[in-house]
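What follows is one structure encoded as structure tokens, with my remarks underneath.
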Amino acid sequence: MKRVISISIMITISALLCGWGGNYVMAQTKSPIAPKAEGSFRIMSYNVGVIKKFVNEEFTSDDNVKLIAEIIREAEADVVCFQELDSCTSRNQYFQLDVLSKQMGKEWRYNYAPAIPNRGGTYGSGVASRNEPIKCFDILIPTREGSEDRVVAVMEYEDYVIASTHLNYNQNDQVELINKTITELYADSDKPVFLGGDMNAQPGSEMMLEFEKHWTLLSTVSERSVQDRMVCIDFVLQFRNKAPVAEVVNAHSILYSNAGDMWKASDHFPIYVDVKLP
């Protein structure tokens, strides 16, 4: 009798461990992503790692595109700021943001901003939204010798502006240029201006303090946004202009999804904030 009880207990423990391990996603009865707050607007930022960080014979580039698109659909994002995108390079011989947006759904519109020529194509950042913008443009960010130039992709709407960027580590001059340009464009505007991105900087760093001279941090800093460290280097910010600061009703990193294994999608996790637009 004791032997039977012991085996039963071991089976139960094993089942529980599997439920919290590799089969976590499959065991969910509902999405592990928090539902979007009623009446809110969900802004996501996602460094997708050129959609190829963990591709192999069993997990192809097509699989990676589909997984990221399904994660975004499950999250019900309204806008997405993307970083680390290829366009027609030898590494990825397709226009990544175009293919990804079409996989996300036919209603998505995007602005891709190339930062540098790369492997026969370009490499840069982008932003996508479910609605048609009134204007799209890019802000080029030249950098010091030996580092990659960067860029900000911008989409403007009647009632808000959304932008995406990916910055180099420990380069305050890049932040200063963004602050100067956005101030010139939107300081007197009553539209909220949001910026999402991989800033390659931790909370409280000189780069983030430079941002905070002109921006309010909306996203969480208490949850990791990368796989290899327990740190947050991806953020969503709002520029301080004549628009009131948006009310944040939810802010998280996405570590699990019913769509599939988040740890295969990219070496970054997507972050999001739910805001009430002013």
Item checked: Failed condition for Glu176, given (1) crowded, with 18+ Cβ neighbours inside 10 Å; (2) over 19 Å from His268 (Cα atoms); (3) among the acidic types (Asp, Glu) -> (1)
Next item on the list: Filter the range 172-212 for residues that are hydroxyl-bearing (Ser, Thr, Tyr) and in a helix (DSSP H, G or I) and give the result.
Entry: Thr181, Thr183, Tyr186
Check: For the range 98-116, which residues satisfy the criterion of being within 15 Å of Ala163 (Cα to Cα), out of contact with any Cys (no Cβ under 8 Å at 6 or more places or on another chain) and crowded, with 17+ Cβ neighbours inside 10 Å?
Finding: Tyr110, Tyr112, Ala113, Pro114, Ala115
Next item on the list: Give me the pairs, please: first residue somewhere in the range 135-146 and closer than 16 Å to Asn172 by Cβ and assigned by TED's automatic domain parsing to the domain that holds Asn172, second residue anywhere and charged (D, E, K, R) and part of a loop (DSSP other than H, G, I, E, B), beta-carbon distance under 6 Å, and either six or more positions apart or on two chains.
Entry: Pro142/Asp149; Thr143/Asp149
Next item on the list: Output the number of residues of the range 183-218 satisfying the condition of being surrounded by fewer than 13 Cβ atoms within 10 Å (Cβ to Cβ), out of contact with any helix residue (DSSP H, G or I) (no Cβ under 7 Å at 6 or more places or on another chain), in contact (Cβ under 8 Å) with a residue 12 or more places away in the chain and over 18 Å from Tyr157 (Cβ atoms).
Entry: 0
Notebook entry, point to check: Taking the stated definitions as given, is Val161 assigned by TED's automatic domain parsing to the domain that holds Glu76, surrounded by 20 or more Cβ atoms within 10 Å (Cβ to Cβ) and touching a Pro at 6+ places or on another chain (Cβ under 9 Å)?
Noted result: yes
Check: In the range 241-257, which residues are more than 15 Å from the chain's Cα centre (by Cα), surrounded by fewer than 17 Cβ atoms within 10 Å (Cβ to Cβ) and outside any strand (DSSP E or B)?
Finding: Lys242, Pro244, Val245
Item checked: Top-ranked residue in the range 258-278 [being in a strand (DSSP E or B) and in contact with a helix residue (DSSP H, G or I) (Cβ under 7 Å, 6 or more places away or on another chain); ranked as surrounded by the fewest Cβ atoms within 10 Å (Cβ to Cβ)] -> Gly260
Next item on the list: Return only the number of the condition from (1) touching a residue at least 12 places away in the same chain (Cβ under 8 Å); (2) outside any helix (DSSP H, G or I); (3) of a type outside the set (Asp, Glu) that Lys106 does not satisfy.
Entry: (1)
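The values are calculated or read from the model by the stated rules, or taken from the named source; none is laboratory data. Predicted model, so just to flag it, every value in this text is computed and none were measured. When we count neighbours, we look across all protein chains shown, and the Cβ atoms used for this are built from the backbone with ideal geometry, even at glycine.
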